Amino acid sequence: MESLSALTKGIDIESDPKGFFNAALQVYEKFMEFFKEGGQAEAASKAQEDLETLENTKLNIAVTGDVGSGKSSFINALRGLGAEDPGAAQSGVIETTTEPIAYLHPSYPNVTLWDLPGIGGMGFRPERYLQQVNFSRYDFFIIIASERFRSSHADLAREIQRMEKKFYFVRCKVDEDLANTRRARPQTYVEEDVLQRIRENARKCLVDQGVPYPQVFLLSNWEIHRYDFLLLEETLEKDLPHLQRHVFLLSLPNLSPEIMEKKKSALHGHLWKIALVSAFINILPLPRVSLACDVGILFVSMIAFYKQFGLDDGSLAKLARQAGKPVAELKAVVISPQGETLSRDVLMKKIVQVGCGLTRSVEQSFDLVPVISTLAKAGLSFATSYSILSNFLEKVAEDAQKVRKKALE
Ligand SMILES: Nc1nc2c(ncn2[C@@H]2O[C@H](COP(=O)(O)OP(=O)(O)OP(=O)(O)O)[C@@H](O)[C@H]2O)c(=O)[nH]1
Ligand SMILES: [Mg+2]
């Protein structure tokens, strides 16, 4: 069923209605083929279970490291917040974090970033520190340094490993290193060479202090999308179990076109489950084929796409503030239905339009007048929901790319 996304990707009902209905028809055919031996009710209930599990999947990320290294700023960057935004983790030049503080993700309360107290100092004991911060509740640790890697980083890493948890080294504030080097050696300055030297030096320090094969990522919290962020994201994606990977990816702000593309693909992979649940929830009591989708489920999913791509009013207002632009300027590039134009009534009309169109296509293609079997009704509902969701997701993802571009202008 995952392969369905290849059929509908990029086909728009407004600009290419013929292509859209052809794709929807193929979705219908795949559905009928897939369930010709039955089993659709079981598949729908399994899909519902999967969606619920996903909704309840939690991710707890511990951010630790030196005092003042940029832990709180990193947490804010991952939550898409600036230091002055409401709900941002406190950051600044004086020591601010003295006990673990949980920061729930603004759109994904299941993703919690934990701001841990700074490490190091005289008599730092990693074992006691990890007990104090309650290490078992975290899925992985990010150890942040902003200058040199020291023995306390290595001690902590080894202790985390002993506790059978994962850690990643992040070297923050590379913007400062680059600016300093440029100022000191303007004639010979080459950005990539400087970055490579910092990376190698950090790895060597850690290896010398007994951490084999350390992975080091260079970042700046002021430009979180640059330097090694994508590499860090890919590494986490590879290491995390499937569901947590999905949740982590969707929780990321729209940091780069690549991340947005990944979000879209991840969501596409789940559309068939939503469409299946939607098609089956009301299939029997509703008399009209084209109305047999559950509007509520589709509506809730569409609103969620909006949030996941940062197009809801709150996210747009925040982005406008950070970009120093009026929110209307960002909203002007959004073409997918938003606010009042995305209502249940509008969605219902869309379902009727697509459902009726599809029913006609099926009747013409298969000479079934009228389509009567329960399986065929479910297939029509499924193809209708799937095509609407897929079309909407494409538009939302496209809009999010445009909004990001506009904000960066
Ligand atoms: N240039 C630059 N400055 C940064 C970066 N990240 C954080 N800072 C600054 O570094 C200082 C400390 O940042 P915080 O995020 O408060 O660091 P912290 O590790 O949470 O500090 P404590 O909670 O006190 O241990 C602040 O003045 C930040 O503005 C960065 O990537 N680049
Ligand atoms: Mg802090």
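The values are calculated or read from the model by the stated rules, or taken from the named source; none is laboratory data. Keep in mind the model is a prediction, meaning the values are calculated, not measured. Quick reminder, even Gly has a Cβ in these numbers, built from the backbone with ideal geometry, and neighbours come from all protein chains shown.
Quick check, is residue 72 among the small types (Gly, Ala, Ser), in a helix (DSSP H, G or I) and touching a strand residue (DSSP E or B) at 6+ places or on another chain (Cβ under 7 Å)?
Criteria met by residue 72.
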Item to check | Residue match in segment 27-34 (condition: within 20 Å of the chain's Cα centre (by Cα) and either of a type outside the set (Phe, Trp, Tyr) or within 16 Å of ligand 2 (Cβ to nearest atom) (or both)) | outcome: no
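Please state which one of 265, 278 is of a type in the set (Ser, Thr, Tyr), away from ligand 2 (no atom under 16 Å from the Cβ), in contact with a Cys (Cβ under 6 Å, 6 or more places away or on another chain) and at pLDDT below 95.
On the way: 265 fails: in contact with a Cys (Cβ under 6 Å, 6 or more places away or on another chain).
Just one listed residue meets the conditions, 278.
What about residue 371, is it modelled with pLDDT under 80, among the aliphatic types (A, V, I, L, M) and either in the same structural domain as residue 15 (by TED's automatic domain parsing) or surrounded by fewer than 22 Cβ atoms within 10 Å (Cβ to Cβ) (or both)?
On the way: modelled with pLDDT under 80: yes; among the aliphatic types (A, V, I, L, M): yes; either in the same structural domain as residue 15 (by TED's automatic domain parsing) or surrounded by fewer than 22 Cβ atoms within 10 Å (Cβ to Cβ) (or both): yes.
In short, yes.
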Next on the checklist: Which pairs turn up if I take residues in segment 1-24 that are in the same structural domain as residue 356 (by TED's automatic domain parsing) and look for partners that are polar (S, T, N, Q) and part of a helix (DSSP H, G or I) with beta carbon separation below 6 Å, at least 6 apart in sequence or on another chain?
Outcome noted: 7/26; 8/387; 8/390; 13/391; 21/361; 23/8; 24/387
Checklist outcome for this item: Here the residues within segment 35-46 that are among the hydrophobic types (A, V, I, L, M, F, W, C) and either in a helix (DSSP H, G or I) or under 29 Å from the mean Cα position of the chain (by Cα) (or both) are 41, 43, 44
Checklist entry - Got a sec? Which of 236, 206 is over 13 Å from the mean Cα position of the chain (by Cα) and closer than 26 Å to residue 156 by Cα? => result 206
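Of the residues 12, 66, 50, which is of a type in the set (D, E, K, R) and within 16 Å of ligand 2 (Cβ to nearest atom)? It would help to see each step written out before you state the result.
On the way: 12 fails: within 16 Å of ligand 2 (Cβ to nearest atom); 50 fails: within 16 Å of ligand 2 (Cβ to nearest atom).
It is 66.
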